[in-house]
Each structure stands twice: as C-alpha cells, then as structure tokens.
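One structure below.
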Amino acid sequence: MAERAEDIVTWTTAKPGISSVVLDRPPANALGIPLLDGMHLAIDAAEKAGDVKVMVISSAQPKFFAAGADIKHLSSIDAETFTAYGDKMREVNDRLAAAGWISIAAVDGVALGGGLELAMACTLRVAGSGGKFGLPEVKLGLIPGAGGTQRLPRLVGRGRALDIMLTARQVGAEEAYRIGLVDRVTDGDVLEAALAFADELVGPSLPAQLSVVRTVDAAFDLPLDEGARFEVSEIQSLFERGEAAEGISAFVAKRAPQFR
C-alpha cells in the first residue's frame, strides 16, 4: 500500500495558538517523499488557519525524532532525482525557518542527518535526556545538504560544528545543551515539556517575537553597525505598525495585553 502524506504527518490544535505536528513513519521517520509532503501539508494548514503562534513538531516513533534521509530511496535514484529530493528537503526546512510563527522541535531519541537539519530549521529545540544528535553524512561520502552545514555553525560555532560533521559522531542531550544545539533538556516527557515551552511563548506579541528572531539572526550575517541599524528599523516598525501600541496601553492600564 502506498504511503499517504496525510497519514504520516498529522496535526492538531494543542490549545489556542499552538499547533502540534506529529511525524509517524515507522520505524524511524526516515525523510521519504511522503513525510516531506506531509510537512508541507502541515505548514499549509498552519498558514491557512492564520492563528498559529507556536508549532511543536514531535515524533510518534519510540527512540526516534527522525533518522535522516531515506537511504533506500537514495540507493535507487539517479543524479537528477537526487537533486529533486534534496530540493524538497530544503524547501521544507526553508519554509519552516521562514514561517510566521515560532517553531519547537521536540526531540525524543535520535535526530540524525536530515532529521537534525529539520530540527535545526525550527526556532528552538527541546530534547529528552536520551536525545542523540548528529550529521553523519561523511560516512556515506556526502555532506549535509538541507541546511546542516550552514545552521549548525550558527548554533554551536565553527570548531564544534566541524568536530560533529567530520567525525560523524553522535552528540548526547547534555552536550547538545551545553554547546547550544538544543535549548532545553528534560528528564520527563519531551512533548509535554515542549508544549509547556510553547505555552510560555504563546502569550507575548508574535510580531515582536519574530522581530527578535530576525534581528538575532542578522547578528550572524551582518557587521555590527549594519545589524544595529537593522535593529532600529525593526523596533521602529513595531512601534508604528506592530502591536506596541496595545502592549504599552495595557502596561499603563495595568491590564493583560490583547495581542492577536
């Protein structure tokens, strides 16, 4: 029976403003075409809904967030199809990274190769204590090709990124937290921890939060003076056209702000 994207990736509203997306492609959530198509459907649904402030991506497969690219698929394709497959992986990650909401990867178990690249495309990452992370593509004679060589150094620095990619080793959750690859680690249920994190994030102004992400990312791409000017343009835009008027009014009136 052919795999259906809508069966492999499902989504529900965990609570107002929070979308819970679940990957479920046994046994290890290999990033085959149906799973990638399912991620596009989940992103489409969030865009259509228009009220998503935080998206949490988790796995229904025990011990796996996502094991990476579909190696069986890679073993049976030509160069042209390989290019198309890589493009689809990058499209998912780029859409997720540029989405109009905050995203959290809830990593319970293994996130390797394309699975880690998917997690790194999210705004934030929560890991269980047994989490394992790696980009082992050099063992296949390849390199990470869905943003891994670009996003990992931005998270952990050049030396640590080279260490992880050149050795193809797996990084445990505590080390991943220490070097900045993940943002929170829990000994409890990873999805519950990620949803609790989402609950913290759903209250503030989303335009302001997304502006924070843009300006922080700009710090890695722009000289300091240009980054500072970008910061000025962002805060001016929030004051003139964002939700600052509501936030300031609510503060003065000693009431909760009514952000969208």
- Message: Scan the stretch 147-169 and tell me whether some residue there is touching a strand residue (DSSP E or B) at 6+ places or on another chain (Cβ under 9 Å) and either modelled with pLDDT under 95 or closer than 19 Å to GLY32 by Cα (or both).
- Response: no
- Message: Exactly one of these conditions fails for SER237: (1) part of a helix (DSSP H, G or I); (2) without any contact (Cβ under 8 Å) to a residue 24 or more places away in the chain; (3) polar (S, T, N, Q). Give me its number.
- Response: (2)
- Message: I'm checking my understanding of the structure. Among residues of the stretch 108-131 that are farther than 19 Å from TRP11 by Cβ and assigned to a helix (DSSP H, G or I), which one is nearest to the chain's Cα centre (by Cα)?
- Response: MET120
- Return the residue satisfying two criteria in turn: it lies in the stretch 172-190 and is touching a Gly at 6+ places or on another chain (Cβ under 7 Å) and part of a helix (DSSP H, G or I), and of such residues it is nearest to VAL126 (Cα to Cα). VAL190
- Message: The conditions are (1) surrounded by 14 or more Cβ atoms within 10 Å (Cβ to Cβ); (2) over 17 Å from the mean Cα position of the chain (by Cα), and LYS139 fails exactly one of them. Which is it?
- Response: (1)
- Query: From the list ARG255, ARG260, ARG229, ARG214, which residue is touching a Lys or Arg at 6+ places or on another chain (Cβ under 9 Å) and surrounded by fewer than 18 Cβ atoms within 10 Å (Cβ to Cβ)?
  - Reply: ARG260
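Every residue, every condition in (1) surrounded by fewer than 20 Cβ atoms within 10 Å (Cβ to Cβ); (2) modelled with pLDDT under 95; (3) assigned to a strand (DSSP E or B); (4) of a type in the set (A, V, I, L, M), yes or no:
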| site | (1), (2), (3), (4) |
| --- | --- |
| ASP7 | yes, yes, no, no |
| THR13 | yes, no, yes, no |
| SER20 | no, no, yes, no |
| LEU36 | no, no, no, yes |
| SER58 | no, no, yes, no |
| PHE82 | yes, yes, no, no |
| ASN93 | no, no, no, no |
| ALA99 | yes, no, no, yes |
| ALA106 | no, no, yes, yes |
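The values are calculated or read from the model by the stated rules, or taken from the named source; none is laboratory data. Owing to the predicted nature of the structure, the values given are computational and were not obtained by experimental measurement. For neighbour counting, all protein chains shown are included, and Cβ atoms are generated from backbone atoms with ideal geometry for every residue, glycine included.
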